[in-house]
1. Once both labels are modelled 7 Å past Cα along the beta-carbon direction, what's the LEU272-LYS602 spacing in nm?
2. In Å³ and rounded to a whole number, note down the convex hull volume per residue for the Cα atoms of the chain.
3. What length, rounded to one decimal in nm, is gained on full extension from LEU701 through to HIS164, with 0.36 nm per residue of separation minus their alpha-carbon distance?
4. Under a Cβ-only charge scheme (Lys and Arg +1, Asp and Glu -1), can you give me the dipole magnitude of the stretch 347-419 about the Cα centre, in debye to the nearest 20?
5. How long is the gain from LEU397 to ARG501 if the chain were fully straight, where each residue apart is worth 0.36 nm and the alpha carbon distance is subtracted?
6. Once both labels are modelled 7 Å past Cα along the beta-carbon direction, what's the ILE655-ARG418 spacing in nm?
7. Expected output is a single nm value to one decimal: the length gained when fully extending between HIS437 and ALA206, i.e. 0.36 nm times separation in residues minus the C-alpha distance. What is it?
8. Using DSSP to define loop residues, name the trypsin sites (Lys or Arg not before Pro) in the stretch 275-384 whose beta-carbon has at most 13 other beta-carbon atoms within 10 Å.
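The values are calculated or read from the model by the stated rules, or taken from the named source; none is laboratory data. These figures come from a predicted structure and were not determined experimentally. Cβ: placed from backbone, ideal geometry, glycine included. Neighbour counts: every protein chain shown. Heavy atoms of the whole protein, side chains included, go into the accessibility calculation; ligands, DNA and RNA do not. Shrake-Rupley method; radii C 1.70, N 1.55, O 1.52, S 1.80 Å.
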Amino acid sequence: MIEVQNGVFHLRESGWSYLFRATERGLLEHLHFGAPVSIQDAPALAVKPGMGWGMAVTPDEADGALCPDTLPLEWSGAGRGDYRESSMEVWDGDVPLPAEFRYADYQIFEGTARLQSGLPQAGGGLQTLAVTLRDGALPLTLTLYYTDFGGVLTRRAALKNESHRTLTVRKCMSWCVDLVGEYQLTTFDGGWIGEARRHVTPVEAARVVNESTTGFSSNRHNPGFLLAGKGAGEDCGDVYGFNLVYSGNHYASAQRSFQGLTRVMQGVSPALFCAVLAPGGTFETPEGVLAYSGAGFNGLSAAMHGFVNGHIIPPAWRYRPRPVLFNDWEGCMFDFDQRRLLELAGRAKKQGAELFVLDDGWFGARNSDRAGLGDYGVNEKKLPEGLGGFAGKLAGLGLNFGLWFEPEAVNPDSGLYRAHPDWAIHQPGRSDLLSRHELLLDLRKEAVRDYIVDSVTEVLNSADIRYVKWDMNRQSVLTGAAAHEYILGLYDVLRRIFAPRPDILLESCSSGGNRFDLGMLCFSPQIWCSDNTDPMERLQIQGGLSYLYPQSCMGAHVSAAPHAQTLRATPLSTRGNVSFFGALGYELDLKALRPVEAREIKAQIAFYKAHRDTFQFGAFSRLPAPEGWTGWQVRSERETLAGFFRGLVPAAPGIVKLRVSGLDNNRRYRVRARPQTLRVGDFGNLVKYLSPVRVNPDGPLLRAADGLYALPDGREDFTATGAALMAGFAPAALFTGTGYDKNSHNQGDFGSEIYVISEERGHD
């Protein structure tokens, strides 16, 4: 809801308020962002500067308290007395222009004010406030847009050149705000196979920056970040969350002034940025997302998750269950033909998969990553009946068909490149910078965009394709405004291909999580989190992403162990348990499975399907857990599912307590551990002592038994009140070195459990 009284603007919902006002001299003073308050509280919330501070530079020397440098603002000018970081920078030729925007007018719209630049934005806003500012000395108009989405607020800016001269924009943030207080900044950083690692930095006098300059949102620094007040934890304290509906170079900064104001801003990265602003032209920024929770990080995540699921994900896929898929890549790579694929597909169907995804290698001369990229004619040696014939055979098995593309890139060894070398991005006078034997196509060019749209459309029309994996495996060499134009070109391509095909499930991928952002989620309901499928690594990767993104949009696959990325061996049960907290898939050679592993995967998929709605769309929480453990929970109206994951287990482990959240103190609940099994071979040399006959632990007899038989592990089934479960229940004992017990958890290192918690009927 938006209300305006006497120059005070109040956006409010049940859990938060956002207030600012236009001062007598037209500056927009930020008053409050946090717990709900009243618009009548504006005078009490306004900063009282008294006589002001010495050395203040003010528009009116007689009023030393009116100092832009010490006033909490909604937007910062440049060169007019505010010496903190400015949110914009405009040049006239080679001359930087001072800017001092003052309040002029406002409008309130029902719903969302649409962007005109081709940038994606959230849908389904309740109301939008547009505040117009003008510079008295420059022919520039700045409009700040605020949209209420219930759980969160979005902001963006539009700068219009009303002069007869061409100007250049070198910096224009989506939003800027000054918050009173001390905060810690949480960012999610990393690199390939190590994405979204959580880092916490105090915000002090030196500016803290979260930025990508790779051409994309990047696996180095996710655009989403958090600000937490002192004492904030997972379930308590003030936490702010911010994100950007954008997939290119981004920038965010936070800095605390001497007077205790923390200035935070976010937008397109200004590094080497220079956008031409013609007379009458408007520069629109991407939409920024701002959220607040007084209930800690989990409360903030709930707001962000609800926003993404309800307003960012394409409408046809909002709260629509994601299928369990099998991807052939790690099982085949480039070495496959139709017979081998159909054999894998038959096995995947028996396991319970619903979608078969054919990854790289199906087109052109694509027998390695050195050639063929850009030529999307089907390789008839591998698929003699074409994609349509292959899709028909999958349909006969009861499987839907999905297909991999990498349309933004081209190999120099390809028909496309030989015909159109100018379509690739080159740096004049310099040698090409290849990555994975690829160059990027120049999506700024209309002809390139048309080729991609026509090529992909022709393939999609040739077969019944229900899923597309859109990959992009390198970084850009474009900078500044050129990189921004590339992203606008990408959005144009995606919109033209997939808007007419809303029921195709698009999964974005960029060597894993190189482009995990809200901009891509406006087109792709799910994103491949990382090429790293080691579950212990995924606890960090998916755990980091969980602060800002819901589990429904995280592609999470079970792969073979030892894992290709870490050489770590982990239990198959843990690989499944971690992947349950996402869009589940499998990516391994099903033919190489032991019979006992095939049975376990079939059981995993059946369990996931039975609880899919809760896993994908239930309220997610990070749980307190014993040292060395990780706890995750999802909760729906019908059930709570809690996962507890262990790292290295010490000898003779002691007693621990596990805690869940969100239950009714006085109601009774049934708690069941998901049935799991233990490989006979996991006991190693102990089998000599456990077996009634002497057996070689590395001999053929035990190897055969290890592939055929499994032992039940960690059976738990009990009832308790919600109060007891939230206070902490004692799980079944871990392996203590004294023998096998089916009611103990014997997995050892990297073991895990999933608990199904359901309310007992007939109890108050």
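1. 5.6 nm
2. Details: hull volume 135.6 nm³, N = 764.
Looking at the chain, the number lands at 177 Å³ per residue.
3. Details: separation 537, 0.36 × 537 = 193.32 nm, distance 8.70 nm.
Here the segment from LEU701 to HIS164 would lengthen by 184.6 nm.
4. Details: 9 positive and 10 negative charges, 79 e Å.
Rounded to the nearest 20 debye, it is 380 debye.
5. Numbers: separation 104, 0.36 × 104 = 37.44 nm, distance 2.40 nm.
Taking 0.36 nm per residue and subtracting the Cα distance, the gain is 35.0 nm.
6. It is 7.5 nm.
7. Numbers: separation 231, 0.36 × 231 = 83.16 nm, distance 4.06 nm.
Difference between extended and current length: 79.1 nm.
8. On the way: sites: ARG318, ARG339, ARG340, ARG347, LYS349, LYS350, ARG366, ARG370, LYS381, LYS382; in loops: ARG318, ARG366, ARG370, LYS381, LYS382.
Here the sparse-neighbourhood loop sites are LYS381.
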